[in-house]
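The structure appears below as structure tokens.
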Amino acid sequence: MKFCVIGVGRFGYNVATTLADNGMDVLAVDGNESIIASIRDKVTQAICLRVIDEEGLRTIGADEMDTVIVAMGENFAQSILITAILKQKLKTRMVIVRSISGIHRDILQLIGADQVILPEQQVGRQLADNLSLPFKALMRLSSNFCISELLTPERFIGQTLGELELYNTYTVRCLALRVNNEVIISDDSYRLMDTDILIIAGNNKDIARISKL
């Protein structure tokens, strides 16, 4: 897949380099030549584009990308302009934009952004979850529902997932297991060991109840 990351600050840099590490075709774009020089060897292509307008975006082939990530959240006006050009002029398939506030997010959604993310909000919630929940929340799906990691409770050791009937008993589902640092798909016949980690989905209260067993 082809990705374009516009704005190579801390957030954009990490998005671009991680995509490249995962084998994706990545174009990094920024107006600062020194920043482009720092990432040039880590992505497929890096371009210094001082004026990011419709002509410039067409020149770099933004309309041919599978996904464009607009990572310059601090520049409120420019991120809105770039998003509008990508969606309304270039008809880019998928545009994901970094936002810095609720108002910024609302405007981006109105002009057609496919996905808007607020990294600071997400990191803040993750930190609060890790500090206050008795389990490791991997992904929050709503205010009270998440996918979590949980060390096998002592009461579960030696039993199979089928015998435990987690959904019927605790209203949670085991999606996978982390066994010896490898993730495997859950199997009802698998017999749990004390070092296994359950990857489960469910209501926070139900997961917390299991963590206390």
* Structure fact -> In the range 85-104, residues that are part of a helix (DSSP H, G or I), farther than 20 Å from Ile52 by Cα and not β-branched (Val, Ile, Thr) total 1
* Structure fact -> If we keep only residues of the range 192-213 that are outside any helix (DSSP H, G or I) and exposed (fewer than 14 other Cβ atoms within 10 Å of the Cβ), then the residue modelled with the lowest pLDDT is Leu213
* Structure fact -> The number of residues in the range 105-156 that are assigned to a helix (DSSP H, G or I) and either touching a His at 6+ places or on another chain (Cβ under 9 Å) or closer than 30 Å to Lys91 by Cβ (or both) is 9
* So Arg155, is it at pLDDT 85 or above, more than 21 Å from Ile185 (Cα to Cα), within 15 Å of the chain's Cα centre (by Cα) and among the basic types (Lys, Arg) -> no
* To do: Can you work out which of the residues in the range 61-72 that are more than 16 Å from the chain's Cα centre (by Cα) and among the small types (Gly, Ala, Ser) is surrounded by the fewest Cβ atoms within 10 Å (Cβ to Cβ)?
  => Gly61
* Asked: Got a sec? Which of Leu90, Leu110 is out of contact with any Phe, Trp or Tyr (no Cβ under 9 Å at 6 or more places or on another chain) and surrounded by 13 or more Cβ atoms within 10 Å (Cβ to Cβ)?
  -> Leu90
* Just checking, how many residues over the range 1-37 are closer than 23 Å to Ala77 by Cβ, among the β-branched types (Val, Ile, Thr) and in a strand (DSSP E or B)? -> 3
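The values are calculated or read from the model by the stated rules, or taken from the named source; none is laboratory data. Everything numeric in this text was worked out from a predicted model, so none of it was measured. All Cβ positions, glycine included, derive from the backbone under ideal geometry; neighbour counts span all protein chains shown.
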